[in-house]
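K.L.:
Mind looking over this structure? Questions follow.
The values are calculated or read from the model by the stated rules, or taken from the named source; none is laboratory data. All of these numbers come straight from a predicted model, not from anything done at the bench. In this analysis, Cβ positions are derived from the backbone assuming ideal geometry, glycine residues included, and neighbour counts consider all displayed protein chains. Heads up: the accessible areas ignore ligands, DNA and RNA and are worked out on the full protein's heavy atoms, side chains in. Shrake-Rupley method; radii C 1.70, N 1.55, O 1.52, S 1.80 Å.
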Amino acid sequence: MAFKPGNYAILEGIQQEMRTNKLLTMFWQNRPVAVSPLGNVIDLGKEFGNARIPQYTPIDEEWYVGSCAGMAMSGVPAIAHTPYMCSMRFFDLVFNQIGKLRYMTGGQVSMPLVIWQDGNGRQPGMAGQHADAGQESLFAALPGIKVVIPSNPYDAKGLMIAAIRSADPVVFFHYPQINTVKVDVPDEAYEVKIGEAKTIQEGTDITIVGYGHAMIEINKAIPALKDAGIKAEIIDPRSLKPLPIDAIAGSVKKTGRLLAVDHGSETLCAATEIIARCAILVHGARFARLAFPDAPSPGNKEMCTWMTPDAARIVDAAKKMVAA
């Protein structure tokens, strides 16, 4: 067990599953290679060959997501890795076919498909067209699919393996900010159960929920919350579909307060759904949401940083809720 960057941890999980399942195939526009801090190299193309890791996947996300879906429909498990700027290019395929096939066949046809979607996040300097976050909530609105978002390399590997082994299609959102989070990642294969939340820290004053990049900022806020005397219970859902609402609502029943943090745009972001479900289940609790404003990300670094829910804003919002 050792620290492994997110990209390496994910490819290690895929490598282990490809060694076990001789049919598993992946389409990617770039060669899937990663190097660990110790100098270990994973080169899936070199190990598994052009038939299972095509060296030249066309720059056509509809084509290769559709191709992987076709393979999955015939029983061949497949992974389609799509770049961050193209999360909507294949949305129609997920909406009309991929998410509905098991239902339309009465469960006779499984769909062992993983769509590994890169999410760039709110990166200063990338401008509006290349600095997005929150598209996972759009996919979570579609029936028939699972949606997972890891916040560290350990969860990234475990969720990828769980996604590969799922009979349902899974959209795996991977934000690059998680790649450098320092956690130990086991060498062996393991699953992180889809739909199971992780309690990062227990507390009694307020429940704070977030995932992916938002969880990184929540973790940064922990020391300042402690200094302020706030006992925060912090939960990472890790999955939006299925959403582990029982764990979140159970925490809110204890603390009486929920702060949901989301780097997606404010209107109808995942934080909104989390709050709505908890409001139905927990009467008398107080709720607040931190999200990116309903505007494209500015290219200017200072403006983008000011609009993004960071650790300082999380601490400030928690203080206001606990003091009220």
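K.L.:
Rounded to two decimals, what ratio of Rg to Rh does region 1-83 give with C-alpha atoms and a Kirkwood Rh?
P.N.:
So for region 1-83, dividing Rg by the Kirkwood Rh gives 0.98.
K.L.:
How many nm separate the modelled label positions at residue 202 and residue 316, each set 7 Å beyond the Cα in the direction of the Cβ?
P.N.:
Inter-label distance under the simple model: 3.3 nm.
K.L.:
So what is the orientation-averaged projected area of region 155-261, using the convex hull of its C-alpha atoms, in nm²?
P.N.:
For region 155-261, the mean projected area of the Cα convex hull comes to 7.1 nm².
K.L.:
Related question: Please get the size of the charge dipole for the chain, origin at its Cα centre, with Cβ charges of +1 on Lys and Arg and -1 on Asp and Glu, quoted in debye to the nearest 20.
P.N.:
460 debye
K.L.:
Next up: Please report, in cubic angstrom per residue, the volume enclosed by the convex hull of the alpha-carbon atoms of the chain.
P.N.:
Dividing the Cα hull volume of the chain by its residue count gives 133 Å³.
K.L.:
Might you tell me the accessible area per residue for region 165-324, computed with a 1.4 Å probe and given in Å²?
P.N.:
Numbers: 7090 Å² over 160 residues.
That works out to 44 Å² for each residue.
K.L.:
Starting from 0.36 nm per residue, how many nanometres of slack lie between residue 324 and residue 247 once their C-alpha separation is accounted for? Mind dumping the intermediate values first?
P.N.:
Numbers: separation 77, 0.36 × 77 = 27.72 nm, distance 2.47 nm.
The span from residue 324 to residue 247 would gain 25.3 nm if fully extended.
K.L.:
Considering the dipole of the chain built from charges on the beta carbon (Lys and Arg +1, Asp and Glu -1) around the Cα centre, which of 170, 203, 147 is farthest to its positive end?
P.N.:
203
K.L.:
Taking Cα pairs under 8 Å and at least six residues apart, what relative contact order does the chain come out at, in percent?
P.N.:
That works out to 17 percent.
K.L.:
Taking the chain as a Gaussian network, where each spring joins two C-alpha atoms under 10 Å apart, which residue of 117, 108, 135 fluctuates the most?
P.N.:
Looking only at 117, 108, 135, the largest GNM fluctuation is found for 108.
K.L.:
Within the set 254/319; 22/146; 46/193, which residue pairs have Cα atoms separated by over 28 Å?
P.N.:
46/193
K.L.:
Any chance you could tell me what percent of the C-alpha pair distances in region 61-166 go past 19 Å?
P.N.:
Here the long-distance tail beyond 19 Å is 45 percent of all Cα pairs in region 61-166.
K.L.:
What lysines does residue 253 reach when the alpha-carbon gap must be under 18 Å and sequence neighbours fewer than 8 apart in one chain are set aside?
P.N.:
Leaving aside lysines fewer than 8 places away in the same chain, those within reach of residue 253 are 198, 231.
K.L.:
Counting helices only, and only those DSSP H runs with n ≥ 4, report the 222 nm mean residue ellipticity of the chain as the sum of -39,500 (n - 2.57) divided by its residues, in deg cm²/dmol to the nearest 500.
P.N.:
-10500 deg cm²/dmol
K.L.:
Mind ranking 79-92, 2-15 by how tightly packed they are, going by the mean number of other C-beta atoms within 10 angstrom, highest first?
P.N.:
2-15, 79-92
K.L.:
When N counts the residues of region 175-324, how does its alpha-carbon radius of gyration compare numerically with 2.2 N^0.38 Å, as a ratio?
P.N.:
Cα-based Rg divided by the globular estimate yields 1.03.
K.L.:
A further question on this structure: Could the peptides 228-240, 53-65, 208-220 be put in order, highest first, of the mean number of other beta-carbon atoms found within 10 Å of their residues?
P.N.:
208-220, 228-240, 53-65
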